[in-house]
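See structure below.
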Amino acid sequence: MKIVLVALNAKYVHSNLAVYDIEAYTRHRWTGEYGSEAGLDLSVREYTINHNLDMIMQSLYHENPSFIAFSCYIWNIFEVLTICRELKKVMPKLSIWLGGPEVSYDSEKVLIDNPYIDGVILGEGEATFYELVRIYSENDTAIIDKTNVKGITYKAVDGSIIKNPMRPLISMDEIPFIYNDLEKFENKILYYESSRGCPFSCSYCLSSIDKRVRFRNLTLVKNELSFFMENKVRQVKFIDRTFNCDKKRAREIWNYLADNDNGVTNYHFEIAADLIEDEDLLIFKKMRPGLIQLEIGLQSTNNKTIKEIRRVMDIDKLKHNMLMIRSMGNIHQHLDLIAGLPYEDYESFVQSFNDAYSMKPNQLQLGFLKVLKGSYMEEQVEEYGLLYRDEQPYEVLATKWISYGEILKLKQIEEMVEVYYNSDQFEHVLPYVETLFATPYEMFESLGGYYEKHELFGMGYKREARYEILREFFSECIGDVSKVLNKPDAARMSIMSNESDTVRVSSVPAEKLRVFDCLLTFDYYLRENAKARPSWSKDFPVEKEAYNNFFKRGGTEEISLMKDGYDSKV
């Protein structure tokens with residue numbers, strides 16, 4: 001009997017740890033029970049949601065499976081159900097099963113709505129899948145008795161839907177290491193799991209359902225990390241929820257990575273930054289730049305919101321730790337915010353955004369609440385006045401605290417942050433633009449307004465165009481500044497506070513644009529492999545004779561950047 005496990009990933013560089021864990025566990029159990037893999041015809045097939053669905057269907061048809069199981073998430077459920085529906089038409093005897101978080105919490109509804117599906121594996125799938133494979137392999141599929149298989153919902157012979165009791169959780173140590181053959185993961189991010197479960201109870205997260213944290217044996221973890229080091233893999237992404245919930249264990253792993261660094265591999269961790277202690281900071285300080293990166297879930301700084309979503313967090317300590325790590329300059333930090341949470345109105349979210357920005361993350365991810373099946377948030381839909389999309393990814397449209405129009409405005413902010421902050425292409429010029437605004441949020445809000453005014457959203461751009469748009473935006477802004485500067489002293493005092501008393505008001509915009517152009521050009525050359533000067537900087541900024549003398553003398557001579565007397569030196 002041919003059995004196929006199928007994953008549809010969001011991107012090519014992703015891999016699906018779940019299906020490989022299930023495959024490895026099934027092979028291990030089968031060999032232990034039968035003495036070898038003889039009689040087990042099992043394979044994994046990975047695609048992406050960007051593949052042509054007809055091509056995926058054809059590929060799976062040519063596999064000629066008798067039993068097929070799909071790994072289901074919010075990003076692929078539409079594609080999975082479409083493929084399953086069409087496969088059943090041309091392969092009516094094929095047994096089709098689903099598993100994963102997108103189908104585990106409403107499995108009966110899934111089977112009612114999709115009659116071509118034979119069953120759903122609930123929760124963790126390793127042991128359940130193995131048992132299904134075993135009984136399907138040993139019996140005629142038409143008469144298989146599934147009444148004793150825990151952790152499934154299925155259709156009985158008479159068409160009724162039966163949900164069996166849940167299966168007890170297995171030990172993390174029972175799951176074999178899947179990366180012994182790295183060829184099939186070439187050019188992929190390698191996902192690694194050293195624990196399952198989460199001790200916290202965040203209402204929007206499915207990890208809060210299982211508060212029992214199970215850890216993989218630390219000796220096993222170190223041996224497996226050693227394998228990654230020896231093979232110099234590019235990146236290992238830990239998918240543990242709150243990796244440092246056990247501080248001592250996390251510290252031991254971080255120390256192990258620092259002491260055995262191969263100079264190549266990067267490790268990604270999702271952590272609670274407020275749990276970081278001075279001892280952790282000392283470990284971080286000795287790490288090679290790029291050895292680790294940290295993903296930190298802030299979500300909100302509204303205390304009422306934090307309490308309502310059942311989150312436990314010391315915001316002041318979180319900020320302190322982030323700034324300390326930032327000052328080291330060797331660790332990339334990614335900070336998450338969520339819009340649409342309870343008690344977070346537009347003004348409150350603006351404050352959360354500015355608070356998050358002040359923590360100086362390398363990336364600031366502005367996300368939107370997703371009302372996940374099985375989460376506590378789903379139970380509070382009526383209480384919170386939650387309106388969200390019926391189809392995946394079930395994203396918030398409005399709540400009793402924030403309107404759809406305000407959500408749309410935040411969508412603009414999200415795009416501006418992604419383009420101008422998270423891209424790391426405007427590292428030096430963006431802080432200068434900030435000086436024209438009272439808060440960082442106002443800058444991104446104005447930039448989004450500029451895009452909307454000039455109908456710039458929804459278009460594809462060459463990379464240089466983003467620089468040009470920012471320059472045009474800045475020019476418009478300093479034009480507005482000029483109007484303010486020509487008002488009486490009291491009205492312009494705050495804007496002039498950083499200007500020399502000797503600077504003429506009428507010259508301020510030109511001086512600001514000149515500084516802006518220097519910084520923009522600097523960022524441009526740092527990030528782009530440019531063969532020509534950018535459109536806004538056609539004139540050579542340094543006298544050619546001074547330029548030549550500078551390099552003839554080994555770059556030690558101080559020269560002016562600008563021919564017209566601008567006083568910055570290099």
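The values are calculated or read from the model by the stated rules, or taken from the named source; none is laboratory data. Here the structure is a predicted model, which means the values were calculated and not measured. Here Cβ is always computed from backbone atoms with ideal geometry, including for glycine, and neighbour counts include all displayed protein chains. Please note that ligands, DNA and RNA were not included when accessible areas were found on the heavy atoms of the full protein model with its side chains. Shrake-Rupley method; radii C 1.70, N 1.55, O 1.52, S 1.80 Å.
Beyond 21 Å between alpha-carbons counts as too far, so tell me which of K11/K184; K188/K373; K317/K409; K109/K373; K237/K409; K188/K232 fall in that bin. Mind showing how you got there, number by number?
Details: K11/K184 16 Å; K188/K373 29 Å; K317/K409 30 Å; K109/K373 12 Å; K237/K409 32 Å; K188/K232 13 Å.
Cα-Cα > 21 Å for K188/K373; K317/K409; K237/K409; rest within.
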Next on the checklist: Rolling a 1.4 Å sphere over the protein heavy atoms, what is the accessible area per residue of the range 198-308, to the nearest Å²?
Outcome noted: 43
Next on the checklist: Please give the charge dipole size of the range 54-196, origin at the Cα centre, charges +1 on K and R Cβ atoms and -1 on D and E Cβ atoms. Round to the nearest 20 debye.
Outcome noted: 360
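Would you tally the net charge around V6, using a Cβ to Cβ cut-off of less than 13 Å, leaving V6 out, and scoring K and R as +1, D and E as -1? Each step should come with its number before you reach the end.
Numbers: positive: K2, R45; negative: E23, E46, E63, E79.
After counting each charged neighbour, the total is -2.
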Checklist entry - What residues qualify as long-range amide H neighbours of Q299, i.e. H under 5 Å apart, gap of 5 or more or another chain, H built at 1.01 Å from N? => result D336, L337, I338
Checklist entry - What is the local net charge at L218, summed over the other residues whose Cβ is closer than 9 Å to its Cβ (Lys, Arg +1; Asp, Glu -1)? => result +2
Item to check | Between the range 1-51 and the range 262-337, the Cα center-to-center distance that results, in Å | outcome: 34
Next on the checklist: Among L369, V381, M359, whose Cα projects farthest towards the positive end of the dipole of the range 282-417, with charges put on the beta-carbon of Lys, Arg (+1) and Asp, Glu (-1)?
Outcome noted: M359
Checklist outcome for this item: Rounded to the nearest 5, the percent of antiparallel DSSP beta bridges in the range 154-278 equals 40
Next on the checklist: Can you say what percent of the DSSP beta bridges in the chain, counting only those with both residues inside, are antiparallel? Round to 5.
Outcome noted: 20
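Evaluate 2.2 N^0.38 Å with N set to the residue count of the range 71-183, then give the Cα radius of gyration divided by it. Write down the numbers at each step before the final one.
Working: Rg = 14.7 Å, N = 113, 2.2 N^0.38 = 13.3 Å.
For the range 71-183, the normalised Cα radius of gyration comes out at 1.11.
Can you tell me, using C-alpha contacts under 8 Å and at least 6 residues apart, the relative contact order of the chain as a whole percent? Please list the in-between numbers first.
Working: 842 pairs, mean separation 45.7, N = 570.
Rounded, it is 8 percent for the chain.
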Item to check | the range 376-471 pair-distance distribution - Cα-Cα, 10 Å bins, rounded % | outcome: 13, 39, 26, 18, 4
Checklist entry - So, with a 1.4 angstrom probe, what is the percent of accessible area on the chain that is carbon and sulfur? => result 50
Item to check | Sequence of F185, F437 when ordered by accessible area, the most exposed leading, probe 1.4 angstrom | outcome: F437, F185
Checklist entry - When you count, for each residue, the other Cβ atoms within 10 Å and take the mean per peptide, how do 425-436, 171-182 rank with the highest first? => result 425-436, 171-182
Next on the checklist: In the chain, if the dipole is taken from +1 on Lys/Arg beta carbons and -1 on Asp/Glu beta carbons about the Cα centre, which of G39, L323, I309 is farthest to the positive end?
Outcome noted: G39
Checklist entry - With every protein chain present, what accessible area does D41 have (1.4 Å probe, heavy atoms only), rounded to the nearest 10 Å²? => result 70
Checklist entry - Ordered by packing density, taken as the mean number of other Cβ atoms within 10 Å over each peptide's residues, highest first, how do 463-476, 121-134 rank? => result 121-134, 463-476
Checklist entry - What accessible surface, in Å², does a 1.4 Å probe find on M55, ignoring ligands, DNA and RNA and rounding to the nearest 10? => result 110
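Could you give the size of the charge dipole of the chain about its Cα centre, using +1 on the Cβ of each K and R and -1 on the Cβ of each D and E, expressed in debye and rounded to the nearest 20?
Details: 69 positive and 88 negative charges, 125 e Å.
Using only the charged Cβ atoms, the result is roughly 600 debye.
List the relative contact order of the range 138-230 as a percent without decimals, with contacts defined as Cα pairs under 8 Å and 6+ residues apart. Numbers along the way, then the final one.
Numbers: 74 pairs, mean separation 17.7, N = 93.
Rounded, it is 19 percent for the range 138-230.
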Checklist entry - In the chain, which Cys residues have no partner Cys with a Cβ closer than 4.7 Å? => result C72, C84, C198, C245, C477, C518
Item to check | Heavy-atom surface of the range 48-94, accessible at 1.4 Å and reported per residue (Å²) | outcome: 51
Checklist entry - Tally Lys/Arg at +1 and Asp/Glu at -1 over every other residue whose Cβ is under 10 Å from the Cβ of L275; what's the total? => result -3
Next on the checklist: As I understand it, the dipole of the chain uses +1 on the Cβ of Lys and Arg and -1 on the Cβ of Asp and Glu, about the Cα centre. Which of Y525, V110, V149 lies farthest toward its positive end?
Outcome noted: Y525
